[in-house]
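Encoded as structure tokens, the structure appears first; notes follow it.
The values are calculated or read from the model by the stated rules, or taken from the named source; none is laboratory data. Computed from a predicted model, the values in this text were never measured in an experiment. With ideal geometry, Cβ positions are generated from the backbone for all residues, glycine too; neighbour counts draw on all protein chains shown. These accessible areas exclude ligands, DNA and RNA; they are computed on the full protein's heavy atoms, side chains included. Shrake-Rupley method; radii C 1.70, N 1.55, O 1.52, S 1.80 Å.
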Amino acid sequence: MDRMKSSPLIVALDHPDEETARACVDALGEAAERYKVGSVLFTRSGPPLVAELVGRGHGVFLDLKFHDTPATVGGAVAAAADLGVEMLTVHAAGGTGMIAAARAAAGSSPGAPRILAVTVLTSLDESTWRAVSGPGARPIAEAVSELARMAIEAGADGLVCSAHEVARLRAELGPAPLLVVPGIRPAWSESDHRGQSRTAEPRAALSAGASCLVIGRAITADPDPRAALERIAADVAAARQ
Ligand code: C5P
């Protein structure tokens, strides 16, 4: 995956419709290599928008967090592979059979999508986690580690994890898995980050072991999105030298 070597930044297209998303893509131009398309934009604009981004030479991270029977998830992953996406998400809680089916459906060609597992949603607190996990639920941190190990052993190429989990998961899992980290905010960013109580700076997340960073509002809500992206990219590149 050559793109992985060129830039670790993924811009989250969390726009409500394709017109505003396309305006953002146009504004960022070749400064952006990869985009994340999530369930809001995909439900609105679907495969044609993903195909358009791929056709414009961008890597696409399709963040639909599949969680269904192995056969259904396998079919969805095969469809995503046909669209040419670079990475996609499944829920680790779908189990080893579902993750193995996703891995098999992605194929093994050089351009095959990477399967990323989501462990515990960062929006859950301990009490909500206990309510959904039932009696005897482990603390979230333990559950994240166990689900992560299970997902990698079942064939996932990596994980989506928070900046606060990434160092521990890197230490536990070694260098191979892709660790894709959202919740990133440069110190200078003035964009509104409601919904994110614990953010990390790009360089800190990378030095903790992140492979890629997902950045939305720090770029897309900036008055000059391209300048914001280029500033983050320059900072990250300097840190990697
Ligand atoms: O906050 P920001 O706009 O950078 O969010 C970018 C993406 O990261 C969003 O698509 C959001 O769903 C995801 N995110 C996440 N976990 C967090 C924060 C953000 O998955 N804790």
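General remarks:
- Within the set Glu153, Glu126, the sole residue that is in contact with a helix residue (DSSP H, G or I) (Cβ under 8 Å, 6 or more places away or on another chain), open to solvent by 50 Å² or more (accessible area, probe 1.4 Å) and within 16 Å of the ligand (Cβ to nearest atom) turns out to be Glu126.
- The residues in segment 203-217 that are within 11 Å of the ligand (Cβ to nearest atom) and open to solvent by less than 10 Å² (accessible area, probe 1.4 Å) can be counted, and the count is 2.
- Residues located in segment 218-227, provided they are within 16 Å of the ligand (Cβ to nearest atom), among the aliphatic types (A, V, I, L, M) and farther than 10 Å from Val11 by Cβ: Ala221
- Any hit, segment 163-171, residues being part of a helix (DSSP H, G or I) and surrounded by fewer than 16 Cβ atoms within 10 Å (Cβ to Cβ): yes
- If you filter segment 1-58 down to residues that are under 25 Å from Ile232 (Cα atoms) and hydroxyl-bearing (Ser, Thr, Tyr), you find that the one that is least open to solvent (accessible area, probe 1.4 Å) is Tyr35.
- The set of residues in segment 105-121 that are in contact with a Cys (Cβ under 9 Å, 6 or more places away or on another chain) and in a loop (DSSP other than H, G, I, E, B) contains only Thr119.
- Check on Arg231, open to solvent by 30 Å² or more (accessible area, probe 1.4 Å), within 9 Å of the ligand (Cβ to nearest atom) and not β-branched (Val, Ile, Thr): no
- Check on Val85, closer than 20 Å to Pro225 by Cβ and in contact (Cβ under 8 Å) with a residue 12 or more places away in the chain: no
- Test: residue in segment 180-191 that is open to solvent by less than 30 Å² (accessible area, probe 1.4 Å) and farther than 24 Å from Leu28 by Cβ: no
- A single member of Ala187, Ala148, Ala141, Ala238 is part of a loop (DSSP other than H, G, I, E, B) and small (Gly, Ala, Ser), and it is Ala187.
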